[in-house]
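Coordinate-derived values only; no laboratory data. Bear in mind that the values here come from a model prediction, so they are computed numbers and not experimental data. All Cβ positions, glycine included, derive from the backbone under ideal geometry; neighbour counts span all protein chains shown.
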Amino acid sequence: MTDRIRDFLRVRRDLGRDEGPVMVLDLDVVRDNYTAFARSLPDTRVFYAVKANPAPEVLRLLAEMGSCFDTASVAEIEMVLAAGATPERISFGNTIKKERCIGRALAHGIRLFAVDCEAEVEKIARAATAAGLEVGAVQVFCRILCDGAGADWPLSRKFGCVPEMATDVLEHAHRQGLSAYGVSFHVGSQQGNTEAWDGALASAATIFRECAERGIFLSMVNLGGGFPTQYLKAVPGVESYGDAIFRALTKHFGNRIPETIIEPGRGMVGNAGMIEAEVVLVSKKSADEDEVRWVYLDIGKFGGLAETMDEAIRYPIRTRHDGERTEPCVIAGPTCDSVDVLYERQHYPLPVSLSIGDKVLIEGTGAYTTTYAAVAFNGFPPLQQIVI
Ligand SMILES: Cc1ncc(COP(=O)(O)O)c(C=O)c1O
């Protein structure tokens with residue numbers, strides 16, 4: 001936790017304004033993270049993955065620092081434009097887009113699009129033609145599948161085509177008059193293995209060669225996200241990722257290293273945010289001495305902690321009793337839905353003295369929390385965010 005967050009929460013509590021869970025995000029941490037990415041991958045353009053946290057303050061800061069943006073929807077494109085970024089700094093990175101949304105993105109000046117099949121290529125070509133644009137000014141990159149091994153939140157099969165298909169997809173784009181620009185992949189979010197980019201870069205280099213044999217000269221590799229934030233397990237620093245990626249690029253592309261892009265989301269904002277929540281109930285399911293305690297918080301899966309699904313992400317949880325004796329607990333959220341349990345398969349150690357009304361601090365919650373919160377499930381309001 002940063003001193004700024006600690007001070008902010010103390011003042012909020014002193015003023016009696018600490019009702020309901022809140023995520024507090026420290027922009028200084030985002031600034032440091034952006035600088036670390038820019039330093040560790042100096043020849044790579046940073047496209048912040050807006051989905052991780054689209055707070056206007058975050059977007060404005062990153063726009064001022066020179067970041068580009070990976071967006072998933074027209075709404076995200078509009079948020080980024082409102083934050084001051086120009087359209088050539090924005091990609092429409094979702095491989096699943098309505099044709100009319102592509103049209104709206106083109107009208108906003110966006111010219112960089114992700115695809116993973118011929119049908120999506122055709123939508124973009126049609127939308128560009130309908131808009132009266134020069135189709136060749138629209139760039140597409142083809143996303144390839146990655147197995148996500150080594151990642152705590154793998155993105156697996158939904159996005160991308162097998163590498164063997166990408167050359168055909170890019171050739172199709174070329175034949176439609178679009179600019180076949182490059183290849184993208186995502187090695188899985190919260191990727192703990194710095195070498196995870198190697199296999200995907202080998203595939204990307206093969207696609208570059210195959211396209212060249214067909215007279216199509218690609219120029220860009222989009223290295224995606226995957227850069228981890230600090231939860232309970234220690235993770236390598238961003239410099240180690242930069243070094244490993246540079247080694248893999250040199251190994252597979254030799255002296256012809258392509259233009260590169262990264263799309264960090266979690267690694268940009270995860271450690272900048274912290275949720276303060278409250279213990280609503282501590283109970284046991286039987287009178288048995290050895291029965292595990294259930295700790296119910298006023299935040300759960302529907303309040304923003306969706307990434308505890310399958311217990312994939314284990315957040316560090318701090319309490320004012322830290323250092324005292326702990327016992328393994330089940331942690332659950334406040335709603336009347338039985339899936340609203342955060343950690344049950346692998347019990348979570350919490351202080352025995354933790355009791356009803358105590359505050360808990362959930363660290364590393366700057367990414368993938370506020371926008372995952374339900375609007376009003378069971379009448380609970382969505383997670384509040386305060387950016388400092
Ligand atoms: C296309 C794309 N780029 C980047 C990201 C961000 O990934 P991460 O948060 O692991 O950095 C995602 C996450 O889903 C994504 O889908």
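Please work out the FRET efficiency for the pair D7 and N255, using the Cβ-Cβ distance as r and a Förster radius of 45 Å; give the result to the nearest 0.05. Walk me through the numbers on the way to the answer.
Numbers: r = 51 Å, r/R0 = 1.14.
Step by step, r from the Cβ atoms, then E = 0.30.
Where does each of I144, I216 land when they are ranked from fewest to most other beta-carbon atoms within 10 angstrom? Working shown, then result.
Values: I144 23, I216 18.
Lowest count first: I216, I144.
Nearest 20 debye, what's the magnitude of the dipole of the chain about its Cα centre given +1 on Lys and Arg Cβ and -1 on Asp and Glu Cβ? Each step should come with its number before you reach the end.
On the way: 40 positive and 52 negative charges, 159 e Å.
It works out to roughly 760 debye.
Taking the chain as the reference, fit the longest principal axis to its C-alpha atoms, fit the long axis of helix 118-130 to the helix C-alpha atoms, and give the angle between the two in degrees, 0 to 90, nearest 10.
Tilt relative to the chain: about 70 degrees.
Please give me the summed charge of the neighbours of W197: other residues whose Cβ is under 12 Å from its Cβ, Lys and Arg +1, Asp and Glu -1.
Working: positive: R247, K251; negative: E195, D198, D243.
Net of charged neighbours comes to -1.
Per residue of the chain, what 222 nm ellipticity follows from adding -39500 (n - 2.57) for every DSSP H run with n ≥ 4, rounded to the nearest 500?
Working: 10 runs with 117 residues, N = 388.
Calculated mean residue ellipticity at 222 nm is -9500 deg cm²/dmol.
For the chain, max minus min Cα coordinate along each principal axis, in Å, sorted largest first?
Principal extents (Cα only, largest first): 73, 38, 37 Å.
Nearest 5 percent is fine: what portion of the DSSP beta bridges confined to the chain is antiparallel? Intermediate results must be reported in sequence, preceding the final value.
Values: 25 of 59 bridges.
Counting DSSP beta bridges with both partners in the chain, the antiparallel share is about 40 percent.
So the label point goes 7 Å from the Cα of A119 along Cα→C-beta, right? Which residues of the stretch 80-99 then have their backbone N under 20 Å from it?
Of the residues in the stretch 80-99, 93-99 have backbone N under 20 Å from the label point off A119.
Under a point spin-label approximation (7 Å from Cα along Cα-to-Cβ), what is the H108-M309 distance to one decimal in nm?
Here the answer is 2.4 nm between the modelled labels.
Listed here are the pairs K285/K359; K51/K359; K158/K301; K51/K158; K51/K98; K97/K123; which of them are more than 20 Å apart at the Cα?
Numbers: K285/K359 23 Å; K51/K359 28 Å; K158/K301 22 Å; K51/K158 17 Å; K51/K98 18 Å; K97/K123 9 Å.
Pairs exceeding 20 Å: K285/K359; K51/K359; K158/K301.
Of all the C-alpha pairs in the stretch 93-264, what % are more than 23 Å from each other? Write down the numbers at each step before the final one.
Details: 5869 of 14706 pairs.
Distances greater than 23 Å cover 40 percent of the Cα pairs.
For A85, what charge total do you get from the other residues with a beta carbon under 13 Å from its beta carbon, if Lys and Arg give +1 and Asp and Glu give -1? Could the numbers behind the result be given before it?
Details: positive: R45, R60, R89; negative: E64, D70, E76, E78, E88.
So the environment of A85 carries a net charge of -2.
What's the exposure ranking of I96, I110, going from fewest to most Cβ atoms within 10 Å?
On the way: I96 13, I110 22.
With the fewest neighbours first, I96, I110 line up as I96, I110.
Among 364-375, 152-163, 60-71, how do they line up by average Cβ neighbours within 10 Å per residue, starting with the highest? Write down the numbers at each step before the final one.
Working: 364-375: 22.8, 152-163: 17.2, 60-71: 20.4.
Per-residue Cβ counts within 10 Å, averaged per peptide and sorted highest first, yield 364-375, 60-71, 152-163.
If you rank H186, H347, H252 by fewest surrounding Cβ atoms within 10 Å, what's the result? Mind showing how you got there, number by number?
Numbers: H186 26, H347 14, H252 21.
Result, fewest neighbours first: H347, H252, H186.
Going 7 Å from the Cα of S240 in the Cα-to-Cβ direction, what parts of the stretch 200-220 have a backbone nitrogen less than 13 Å from that spot?
none
For the stretch 306-388, which trypsin sites (Lys or Arg not before Pro) pass both filters: DSSP loop (anything but H, G, I, E, B) and at most 16 other C-beta atoms within 10 Å? Write out the running numbers ahead of the final one.
Working: sites: R314, R318, R320, R325, R345, K359; in loops: R314, R320, R325.
Taking the stretch 306-388 and a limit of 16 other Cβ atoms within 10 Å, the loop trypsin sites (Lys or Arg not before Pro) found are R320, R325.
Taking only C-alpha pairs under 8 Å that are 6+ residues apart, what is the relative contact order of the stretch 89-158 in percent? Could you put the intermediate results ahead of the total?
Values: 80 pairs, mean separation 20.8, N = 70.
Once normalised by length, the contact order is 30 percent.
Add +1 for every Lys or Arg and -1 for every Asp or Glu among the other residues with Cβ under 13 Å from the Cβ of A367, and state the total.
On the way: positive: K51, R266; negative: D152, E263, E307, E363.
Local charge sum for A367: -2.
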